[in-house]
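To keep things clear, I will list the structure first and then write my remarks on it.
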Amino acid sequence: MQLDDDPAAIRAARRYVEKQVVAHGGTRIVDDATLAVAELVANAIQHGKPPVAVDVKQHGDLIRVEVHDGE
C-alpha cells in the first residue's frame, strides 16, 4: 500500500494492517501490529522520503509487517 505524506496516512496504514493481519489469522497480534505500523509510518513520514509504503506478508506461521520509504 502506497501512502501520502500526511497524518491521515497513519490512520490508513493502521486500517490496512488491521485488515491484512486478521485475514492472515493474526487476531492475537493485531493490536501490536497496528501500533507498531503507526509508529513506523509516522517516523517514515517525518524523517524519511516519499513514497512511504506498507506491506503485510505471511511466511508460514509468521506475519511480517514492512514499512519502506523512498530512501
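The values are calculated or read from the model by the stated rules, or taken from the named source; none is laboratory data. Here the structure is a predicted model, which means the values were calculated and not measured. When we count neighbours, we look across all protein chains shown, and the Cβ atoms used for this are built from the backbone with ideal geometry, even at glycine. Accessible surface areas use protein heavy atoms only, side chains included; no ligands, DNA or RNA. Shrake-Rupley method; radii C 1.70, N 1.55, O 1.52, S 1.80 Å.
Things to note:
- The range 2-25 residues that are over 16 Å from V41 (Cα atoms), paired with ones that are of a type in the set (S, T, N, Q) and exposed (fewer than 15 other Cβ atoms within 10 Å of the Cβ) (beta carbon under 7 Å, 6 or more apart): H24/Q58
- Residues of the range 45-71 satisfying the condition of being closer than 16 Å to V22 by Cβ, part of a strand (DSSP E or B) and either over 14 Å from the mean Cα position of the chain (by Cα) or free of Cβ contacts under 8 Å to residues at least 24 places away in the same chain (or both): K57, L62, R64
- Residue that is least open to solvent (accessible area, probe 1.4 Å), among those in the range 39-62 that are closer than 18 Å to R15 by Cα and of a type outside the set (A, V, I, L, M): D55
- Residue that is surrounded by the most Cβ atoms within 10 Å (Cβ to Cβ), among those in the range 1-38 that are over 9 Å from the mean Cα position of the chain (by Cα), among the β-branched types (V, I, T) and within 12 Å of R64 (Cα to Cα): V21
- When V67 is tested against (1) touching a strand residue (DSSP E or B) at 6+ places or on another chain (Cβ under 7 Å); (2) exposed (fewer than 14 other Cβ atoms within 10 Å of the Cβ), just one condition goes unmet, and that condition is (2).
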